[in-house]
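Okay, so here's the structure we're looking at.
The values are calculated or read from the model by the stated rules, or taken from the named source; none is laboratory data. Keep in mind that this is a model prediction, so the values were computed, not measured. Glycine also receives a Cβ, built like all others from the backbone with ideal geometry; neighbour counts cover every protein chain displayed.
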Amino acid sequence: MRDRHLKYLLMMPALLLVTATVIYPLGYAGIISFMDWRLSRSRVPTDFVFLDNFWRAFFDDPSFLNSLTVTATFVTGSALGAVVFGLLIALLLARRGRGYSIARTVLVLPFAMSPALQGTSFRFFLNPEFGIFDAVLDALFPFLAHVDWLGSSGWAMTWLILTDMWHWGPFLSLMLIGGLLSIPSDTLEASRVDGASAWTSFWTIVLPQLMPVLAIAFVLKTIFSFKMFDYVYLLTGGGPGESTSTMTYYAFRMGFTAYDMGYASAIAFVLALLLVGVSAVYFRLLFPRGEAG
Amino acid sequence: MRTTRRTLMGTLLTGAVAAGLACGATLANAADALPYGLKAGKPYAGTKLTYLAPVAGQYEGHEARLKEFTDLTGIEVEFEFIPFRNLLEKILAIKVAGDADPDLINYKDDWGPGLKDLFVPIDEMMAEDKVTLDRYYPAHQLGVTYGGMIYGLPLRGHAQLMFYRKDLLEKHGLPVPKTWDELAEVAKVIKDKEGIGIGMYYSPKAAQNVAVWMNILWSNGGELFQDGKVTFNSPEAVEALKYYVALENDLKVNSEGAKSFEQYDGSLSMGAGQSAFFMGWWWHYGSRILGKNTKLTPEQVGFAPLPAFKGDKSTTFAMSMPTAINANSDKQGAAWEFLKWVSNPDLEKRNVIEKEKRNVIVALHKKNMMDEEVNAANQGLQMAAAGSLESSRIFPQLAVWPEVMQVLANAISDAVSNGADPKEALDAAAEQAQKLVDRG
């Protein structure tokens, strides 16, 4: 009996922390999303407006609908890109040896760096007048010499995705290296003895056994991609036009430029619901009912 | 009653003593009187104020001279500096929390209508201490007045100027452009011969492209709003946008990167010798065009009012950054003392002429703008800006303006970068903006 109470007592600090930092803000945002709260009129929420904010988002605001499309494009590109990039690095570095260990340690650096610093740096790197990336790309591909990398919708989205891949790829590769190193070496040796090419071994042995780790990496990256804000804010400001305005960026804009906290909360709440939905689908696929037990 | 000689003498003596005492008191008061309308007797001695300001040399200059204020009033002030980009977020957080700290807040004028509940109207304090807005240019007076009430005093403000490479224009025998068409012609020649063009900017980030387009719009006779209706999709507005877009896409007179450039990038480009022209706030002159890490010298850079689009007179856009007293502060009296001191023209003048520690060029008082010493220390920049400020206008004073401006900035960017038709882009933006205005 005492033990049963003790376990709840031990869980209490963590529960309180999660309640204060996650459940309460999320719940409060949920309530605000049904209210009229324009900061230019009042410092506190005023009227209960039921579904007005959500109605406005889906039926009267083309910028919000645009942000849904932009978010979908970014999530697909960055989640796929980062996982594939991570896998390529992992395949190169999943060897035993001192040099590989050092390389794997260094790999964590891009992930450890502040996104704010990376966003600002990439903006300089891509500057058409003195950016190092621009200079290197111009030298390698002369036909791209006059491209304004953040000045067209396609390129701006591409660089947002590439910047995010640069940040996340190495971290995901560390996860995947762990997965690769846990694949039994005798299976691979047997396939080699049977005359299978490296390509065939990869597709028939490595990839299937790596799939659970890949799936988790993909889920993790998808969730984080949905929340993309930093690079949009620093690299493109949502432009050109609104071509890189993600949902989080748009919610920020509605809150801090339009002073409309009620509407911003509604957008954030839609994003939270989307994330819950996507996560539920992924986990259902990853861990079918009964498998865990 | 008979007046005797004795009573007459007594009356005269009493009068003389009274007059002497009154005169003495007046002289003593005059000796005690403090400059800038500060209250004598240090009634707020021991008060500690906090002041939220953006990072800029001008405010650092104020902070460096704080001891003078503390010696006069006994009030201490602590500056809290924050990058300009994060200033609005910080102010909104203060508003939501209802914080009494900071006691004084510096903000951008077009944020004012949406934030004014956070600020104390200072009309009565100004009247009591005979402080008026007459010392500032009309654009800066308007920037602190909402609904007929004054909410702050402008401490920082910018006029827009055209900066150009004087040496290159002289080298090729070209005139200083006075119209946008002349600018395009001169820039074309320079670009063909020197490979550098106008440091123009079209990025929607920070919405600075709107300010450039507005100058063309106003010069073309267009308006953003009329009688509460959005009119920035009028034929004049569309023509202005077409021209702004054509500079980049058809006339090709801009330096590389203009589509993704912010104003900041444009001045950086000029300072690095990569652009021959730059149009923007004058503060860029002191730090980005002629700063420590730039390639140019004052002899190479000229400045002039922005070109006119139609006719020979341009109407430029001016902005200011007033400082207001936090309505939640319980030290409003002391805060007003500080505001009187920090906004005084003598302090501003010293900030602008004493170049040893920081290169501050921003002045707002009419008398400082025309002051010979000020202009001698700054290559005559203030006098040129004064000409621009005489006919300057400011952003519309609407609570929803910041978001309307972002909608416009996106439309402009869409037209130049994504090939959107200027009329369609402005029509869509106008529809969106009208909804915002109607919603209020």
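Brief remarks on what is shown
- Of the set (1) surrounded by fewer than 17 Cβ atoms within 10 Å (Cβ to Cβ); (2) within 10 Å of chain A (Cβ to nearest Cβ); (3) under 27 Å from B:LEU389 (Cα atoms), all apply to B:GLY98 but (3).
- Among the residues of region A:47-61, the ones that are assigned to a helix (DSSP H, G or I) and either among the aliphatic types (A, V, I, L, M) or more than 14 Å from chain B (Cβ to nearest Cβ) (or both) come to 3 in all.
Yes or no, residue by residue, for (1) in contact with a Leu (Cβ under 7 Å, 6 or more places away or on another chain); (2) more than 14 Å from chain B (Cβ to nearest Cβ); (3) under 25 Å from A:THR246 (Cβ atoms):
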position	(1), (2), (3)
A:ASP134	yes, no, yes
A:PRO142	no, yes, no
A:MET157	no, no, yes
A:ASP164	no, yes, yes
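- Counting only residues that are buried (at least 22 other Cβ atoms within 10 Å of the Cβ) and without any contact (Cβ under 8 Å) to a residue 40 or more places away in the chain, region B:337-367 holds 3 of them.
- Test result for B:ASP99, of a type in the set (D, E, K, R), in contact (Cβ under 8 Å) with a residue 60 or more places away in the chain and part of a helix (DSSP H, G or I): no
- Any hit, region B:70-81, residues being assigned to a helix (DSSP H, G or I), at pLDDT below 90, assigned by TED's automatic domain parsing to the domain that holds B:PRO154 and not hydroxyl-bearing (Ser, Thr, Tyr): no
- Selection over region A:113-145 of residues that are farther than 13 Å from A:ASP164 by Cα and part of a loop (DSSP other than H, G, I, E, B) gives a count of 8.
- In the condition set (1) part of a loop (DSSP other than H, G, I, E, B); (2) without any contact (Cβ under 8 Å) to a residue 40 or more places away in the chain, A:ARG192 is compliant with all but (1).
- When A:GLY169, A:GLY179 are checked against the criterion of being surrounded by 13 or more Cβ atoms within 10 Å (Cβ to Cβ), in contact with a helix residue (DSSP H, G or I) (Cβ under 6 Å, 6 or more places away or on another chain) and farther than 17 Å from A:ILE223 by Cα, a single residue qualifies: A:GLY179.
- Scanning region A:34-46 for residues that are within 13 Å of another protein chain (Cβ to nearest Cβ) and of a type outside the set (Ser, Thr, Tyr) returns A:ASP36, A:TRP37, A:ARG38, A:LEU39, A:ARG41, A:ARG43, A:VAL44, A:PRO45.
- Members of region B:184-199 that are of a type in the set (D, E, K, R) and farther than 8 Å from B:VAL253 by Cα: B:GLU185, B:ASP192, B:LYS193, B:GLU194
- Some residue of region A:201-214 being under 24 Å from A:THR158 (Cα atoms) and either more than 14 Å from every other protein chain (Cβ to nearest Cβ) or at pLDDT below 85 (or both): yes
- Here B:ALA433 does not fit the description of being more than 8 Å from chain A (Cβ to nearest Cβ), in contact with a Leu (Cβ under 9 Å, 6 or more places away or on another chain) and under 18 Å from B:ILE216 (Cα atoms).
- Being of a type in the set (Asp, Glu) and free of Cβ contacts under 8 Å to residues at least 40 places away in the same chain is a property that A:ASP164 lacks.
- Hey, B:GLN432 within 30 Å of B:GLY228 (Cα to Cα) and polar (S, T, N, Q) or not: yes
- Candidates B:ALA335, B:ALA385, B:ALA318, B:ALA376 - the one that is over 18 Å from B:TYR137 (Cα atoms), touching a Leu at 6+ places or on another chain (Cβ under 9 Å) and not charged (D, E, K, R): B:ALA335
- Taken over region B:103-151, the criterion of being away from chain A (no Cβ under 14 Å), under 13 Å from the mean Cα position of the chain (by Cα) and not in a strand (DSSP E or B) is satisfied by B:ASP109, B:TYR137, B:PRO138, B:ALA139, B:HIS140, B:GLN141, B:LEU142, B:GLY143, B:VAL144.
- Evaluating B:ASN410 against the criteria (1) assigned by TED's automatic domain parsing to the domain that holds B:LEU72; (2) buried (at least 24 other Cβ atoms within 10 Å of the Cβ) leaves one unmet condition, (1).
- Residue pairs whose Cβ atoms lie under 7 Å apart, sitting 6 or more positions apart in sequence or on different chains, and linking a residue in region A:30-47 that is touching a residue at least 12 places away in the same chain (Cβ under 8 Å) to a partner that is among the aromatic types (Phe, Trp, Tyr) and assigned to a loop (DSSP other than H, G, I, E, B), are A:PHE34/A:PHE50; A:ARG38/A:TYR259; A:LEU39/A:TYR259; A:SER40/A:TYR259; A:PRO45/A:TRP37.
- Within region B:253-290, being of a type in the set (Ser, Thr, Tyr), within 11 Å of chain A (Cβ to nearest Cβ) and crowded, with 24+ Cβ neighbours inside 10 Å holds for B:SER255, B:SER260, B:SER269, B:SER275.
- Consider region A:238-262 and keep the residues that are outside any loop (DSSP other than H, G, I, E, B) and in contact with a Gly (Cβ under 8 Å, 6 or more places away or on another chain). The one that is surrounded by the most Cβ atoms within 10 Å (Cβ to Cβ) is A:TYR250.
- Some residue of region B:309-330 being surrounded by 24 or more Cβ atoms within 10 Å (Cβ to Cβ), within 14 Å of chain A (Cβ to nearest Cβ) and touching a residue at least 60 places away in the same chain (Cβ under 8 Å): yes
- Set side by side, the residues B:VAL416, B:VAL404 differ, and just one is touching a Phe, Trp or Tyr at 6+ places or on another chain (Cβ under 6 Å) and farther than 21 Å from B:HIS284 by Cα, which is B:VAL416.
- Condition met for A:ARG95 (over 27 Å from the mean Cα position of the chain (by Cα), more than 12 Å from chain B (Cβ to nearest Cβ), surrounded by 13 or more Cβ atoms within 10 Å (Cβ to Cβ) and not polar (S, T, N, Q)): yes
- Of residues in region B:215-252 being of a type in the set (A, V, I, L, M) and more than 26 Å from the chain's Cα centre (by Cα), the one nearest to the other protein chains (Cβ to nearest Cβ): B:VAL245
- Considering (1) within 14 Å of another protein chain (Cβ to nearest Cβ); (2) within 29 Å of B:ALA430 (Cα to Cα), the lone condition that B:VAL212 does not fulfil carries the number (1).
- Selection over region B:268-312 of residues that are over 11 Å from B:TYR164 (Cα atoms), within 21 Å of the chain's Cα centre (by Cα) and small (Gly, Ala, Ser) gives a count of 4.
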